[in-house]
């Protein structure tokens, strides 16, 4: 089944980069598949650290970066995701998250969520719309109307 979204928002740490700050397996291929689409990074870390992690992972310019410096309350508060979708001009967006707090934040902002299980049981991801084991298994691509998720 294919589902279309206006935009996609990614968590940073544990989603796009691994716990050691290296790019997640499949990151660059995923970014190539969504090139030209509206996307954002929503993270609870400070902007400087986020930019450093993204650069270390070989990620170029991020269309929208929402960090702890942009919000009064971090995840699980939905403020970061609300700000991201407003800046993206999106109405129907998807989030990719690896934590219960992130899933809660995205759901609170009205987003569908793909949970990355990363070897864990799915208990933390009960509120997610979809779940995959790892970023490399996420089937997203740019579509004429936005981003297409194949489930």
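The values are calculated or read from the model by the stated rules, or taken from the named source; none is laboratory data. Since this is a predicted model, take the numbers as computed values, not measurements. Every residue, glycine among them, receives a Cβ derived from its backbone with ideal geometry; neighbour counts consider all protein chains shown.
Filter region 17-31 down to residues that are free of Cβ contacts under 8 Å to residues at least 60 places away in the same chain and either touching a helix residue (DSSP H, G or I) at 6+ places or on another chain (Cβ under 7 Å) or under 18 Å from residue 94 (Cβ atoms) (or both) and give me whichever is surrounded by the most Cβ atoms within 10 Å (Cβ to Cβ). Walk me through it before giving the result.
Let us first name the residues in region 17-31 that are free of Cβ contacts under 8 Å to residues at least 60 places away in the same chain, namely 17-23, 28, 31.
Then keep just the ones that are either touching a helix residue (DSSP H, G or I) at 6+ places or on another chain (Cβ under 7 Å) or under 18 Å from residue 94 (Cβ atoms) (or both); that gives 17, 21, 31.
Working: 17: 22, 21: 13, 31: 20.
This residue is 17.
When region 83-102 is examined, which residues are found to be out of contact with any helix residue (DSSP H, G or I) (no Cβ under 8 Å at 6 or more places or on another chain), within 22 Å of residue 126 (Cβ to Cβ) and either at pLDDT below 95 or buried (at least 17 other Cβ atoms within 10 Å of the Cβ) (or both)?
Within region 83-102, 94, 98, 102 meet the criteria.
Please go through region 1-16 and give me each residue that is in a loop (DSSP other than H, G, I, E, B), closer than 14 Å to residue 59 by Cβ and touching a residue at least 60 places away in the same chain (Cβ under 8 Å), ordered by number. Steps first, answer last, please.
Let us first name the residues in region 1-16 that are in a loop (DSSP other than H, G, I, E, B), namely 1, 6, 11-12, 14-16.
Adding the requirement that they be closer than 14 Å to residue 59 by Cβ leaves 11-12, 15-16.
11, 15, 16 - these are the residues of region 1-16 that are in a loop (DSSP other than H, G, I, E, B), closer than 14 Å to residue 59 by Cβ and touching a residue at least 60 places away in the same chain (Cβ under 8 Å).
Given the residues 36, 60, 80, 48, which is the only one that is without any contact (Cβ under 8 Å) to a residue 40 or more places away in the chain and part of a loop (DSSP other than H, G, I, E, B)?
On inspection, the qualifying residue turns out to be 60.
Could you say which residue among 14, 36 is surrounded by fewer than 22 Cβ atoms within 10 Å (Cβ to Cβ), at pLDDT below 95 and closer than 23 Å to residue 151 by Cβ?
Numbers: 36 fails: at pLDDT below 95.
The conditions single out 14.
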